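Only one structure is covered here, and it is reproduced in the block below.
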Amino acid sequence: MNQAVTNTATPSPQLARLHALVSGYCESETFFDTRAEEVELKARLMLLDTLGCMLAARSAPEVSGFESAFSSIESGLFTFPGGSRLSTLGATAVGAMAATWDEACEGLAVAHGRPGVPVIAALLPQAIARDATLGLVLDSLVAGYEVGARCGAWLRVKPGMHVDGNWPALGVAAAMARLLGLQAGMTLTAINTAACQLGTSLYLPVRVGANARNTYLAHSAWLGQLATFSAASGVTAPEDALPHYAQHFAAADEDTLIATDRHLILESYLKPHAAVRHVHYGTEAALIIRGELEGKTAAISAIRLLVYEEARTYCGNTNPQTPIQAQFSLSFGAAAGLRYNGIDPGIYRQERFEDAELRRLERLVRVETDPVLGNAGRRGAKLLVQSGDKQYEARVTAIKGDPDMPLSQEEVAAKFMRYAGPSVPAGKAYGFASALVSCDKDTPFRALWDLLF
C-alpha cells in the first residue's frame, strides 16, 4: 500500500538526510554499526535518569493529582510504584509531565530541547503492554532521539514559542515506529503526519511562573503515538509535509546539516542539578565556596554572580515565587548551592522552597554579564561572596554533565536512587538501577520494571 502522497516540491537537503537516517535504522538490527556499545550505554543511562526524574516528581501534589485524574477516567495495566492503575495513554501523559517537572531531565544543546523525555514517556507503558525486550526499548529510544534531535536542530521555533510542544512529537513518531517494527515508508509517513499538526506551544507560562509548560511534552508524546498508529493503519500524509512546515511555519535553520552517522545521543547531557542548564555553572561555583565556608551561610552579606549573556536572557528571574520560575533563576541556583549544597527536586517542595535563609541568600545575589564569557560559545560563571570580613571567589567553566565531562555510570545510578527515594525503597531502587545498566538486552522490560515494586 502506498504510504505517502507525492508532491512535486523541490526536495529538501534536510529531508533527504532524514530519509537516509530512517532508512538506515529500519534496515539495521541495532540502529548504529559504529560505536554501538557507547550508544547502548548512553541510552541505558538516559533511560535510568529519566525514570528517576519521573519518580521524583510524583511527590509534587500537582503531578500526583494529574495521575489520580487519569486513573479515575480509565484505569489500565500500567502503574508507577505505589501509584494508581493507568491506561497506556494516561501513563504516557503522567510520565512526560513528571520527567520534566523538576527540570532535572536530559537535554541536547544542538536541539535546544530534550528529545528523549517524550520518547521515553511514550515507550515506557507501551513496552510493558507489548512485552518488549530491553533491547527493543533501547533501539527505539535511540531511533526517536536521533530523529527528534535532528528535527530540533533544523526546525527551531519562532520567538515566543517553547520547543516542548513542537518538534519532539517527530522523534516520538520514529521511536514508536521502531517499537512497532514499521518499515521506512510507514515511519516517514508517521513523521509527516505529525508534521502536519505540530503545535504552537508558548514560552509565556515560564515567563509568568505558570507550570502549564509541563503539559507540553505529554502533548508531543501523544501526537507522536497518534501519528504512528495512523501510519500503521494505512493513513497517508504528504511526503514533503516536514519541509513545508519548516519553510512556512518554523524559524528553520537550513544550514544545519547533520551527518547521518553522527551520534547525537552521545552529545546529550544528563544533569547533576534540577534546574535549567544555564543555572548549573553558578550553582557549581557556589558549591566550591560552600565548602570553604563549611556550609555556614549566616555571615554572608553580599553575592555577585558573573555569567554569559545567554544565561541572563533565559534565566534572569529574581525572587522566584513558583518552582518553574526558580528553575530558570540564576540567583536561586547560586543561593541553593550555598544553602543546600545543590539543587534536587526536594528544594521545590513547599517547606524547603520557602526556607528563610535560602530566600535571604537569593535576595543578596546580583547577576552581571561577564563580557569574556559567551565568546566563541564559551559558558561559565564567576561567583564572589562576602562573608564577614573575607571575600570568597570561585570560577567554573566546565561542569559535570557536559558532553566532555559526562556523569559516570555510578553518578547516574546515585542520582536515580536519590530521586526514586520518595516512592521506592533504597534496596529496590539499587537493584533496578544495577539491572537496567548491566542486564542482557533480551531481558523483558516488564521484568525490570517489576523490580521497583
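Check LEU41, LEU47 and return the single one that is open to solvent by 10 Å² or more (accessible area, probe 1.4 Å) and closer than 20 Å to GLN409 by Cβ.
Numbers: LEU47 fails: open to solvent by 10 Å² or more (accessible area, probe 1.4 Å).
After applying the criteria, what remains is LEU41.
Working carefully through the options GLU62, GLU40, find the one that is touching a Leu at 6+ places or on another chain (Cβ under 8 Å), part of a helix (DSSP H, G or I) and acidic (Asp, Glu). If you could, list the steps in order and put the result at the bottom.
Working: GLU62 fails: touching a Leu at 6+ places or on another chain (Cβ under 8 Å).
The conditions single out GLU40.
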Next item on the list: Determine if segment 344-363 includes at least one residue that is touching a residue at least 40 places away in the same chain (Cβ under 8 Å) and in contact with a strand residue (DSSP E or B) (Cβ under 7 Å, 6 or more places away or on another chain).
Entry: yes
Checklist line | Criterion: open to solvent by 10 Å² or more (accessible area, probe 1.4 Å), at pLDDT 95 or above and either under 24 Å from ARG17 (Cα atoms) or more than 17 Å from the chain's Cα centre (by Cα) (or both) - qualifying residue of LEU170, LEU138, LEU223, LEU134 | finding: LEU223
Next item on the list: Specify the residue that is nearest to LEU55 (Cα to Cα); the eligible residues are those in segment 400-434 that are open to solvent by less than 30 Å² (accessible area, probe 1.4 Å) and touching a Pro at 6+ places or on another chain (Cβ under 6 Å).
Entry: VAL424
Item checked: Flag for VAL437 being under 30 Å from ALA335 (Cα atoms), among the aliphatic types (A, V, I, L, M) and surrounded by 15 or more Cβ atoms within 10 Å (Cβ to Cβ) -> no
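Might you check whether a residue that is hydrophobic (A, V, I, L, M, F, W, C), crowded, with 20+ Cβ neighbours inside 10 Å, touching a residue at least 12 places away in the same chain (Cβ under 8 Å) and touching a Cys at 6+ places or on another chain (Cβ under 6 Å) occurs anywhere in segment 116-123? Full working, then the answer.
First pass over segment 116-123, keeping only residues hydrophobic (A, V, I, L, M, F, W, C): 117, 119-123.
This time we only want the ones that are crowded, with 20+ Cβ neighbours inside 10 Å, so: 117, 119-123.
Now restrict to residues that are touching a residue at least 12 places away in the same chain (Cβ under 8 Å): 117, 119-123.
Narrowing the set further to residues that are touching a Cys at 6+ places or on another chain (Cβ under 6 Å) leaves 117.
Yes: one or more hits.
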Next item on the list: Identify, from the list ALA252, ALA232, ALA190, the residue that is open to solvent by less than 10 Å² (accessible area, probe 1.4 Å) and of a type in the set (Gly, Ala, Ser).
Entry: ALA190
Check: Of the numbered conditions (1) modelled with pLDDT of 95 or more; (2) under 24 Å from the mean Cα position of the chain (by Cα); (3) crowded, with 16+ Cβ neighbours inside 10 Å; (4) assigned to a helix (DSSP H, G or I), ALA212 satisfies every one except a single condition; which is it?
Finding: (3)
Check: Which one is farthest from ALA381 (Cα to Cα) among residues in segment 395-444 that are modelled with pLDDT under 95 and acidic (Asp, Glu)?
Finding: ASP404
Check: Taking into account only those residues within segment 289-316 that are touching a residue at least 60 places away in the same chain (Cβ under 8 Å) and in a strand (DSSP E or B), which is nearest to the chain's Cα centre (by Cα)?
Finding: VAL307
Item checked: Residue that is modelled with the highest pLDDT [pool: residues in segment 373-394 that are under 19 Å from ARG277 (Cα atoms) and open to solvent by 20 Å² or more (accessible area, probe 1.4 Å)] -> LYS382
Next item on the list: Would you check which residues across segment 51-65 are open to solvent by 10 Å² or more (accessible area, probe 1.4 Å) and either under 17 Å from GLU351 (Cα atoms) or among the charged types (D, E, K, R) (or both) and list them?
Entry: ARG58, SER59, PRO61, GLU62
Check: Which ones in segment 259-276 are open to solvent by less than 10 Å² (accessible area, probe 1.4 Å) and either among the β-branched types (Val, Ile, Thr) or assigned to a helix (DSSP H, G or I) (or both)?
Finding: LEU264, ILE265
Next item on the list: Any chance you could count how many residues in segment 319-351 are part of a helix (DSSP H, G or I) and more than 18 Å from ARG290 (Cα to Cα)?
Entry: 10
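The values are calculated or read from the model by the stated rules, or taken from the named source; none is laboratory data. Note that this is a predicted model, so its numbers are computed, not measured. For neighbour counting, all protein chains shown are included, and Cβ atoms are generated from backbone atoms with ideal geometry for every residue, glycine included. In case anyone asks, the SASA skips ligands and DNA or RNA and just uses the protein heavy atoms, side chains included. Shrake-Rupley method; radii C 1.70, N 1.55, O 1.52, S 1.80 Å.
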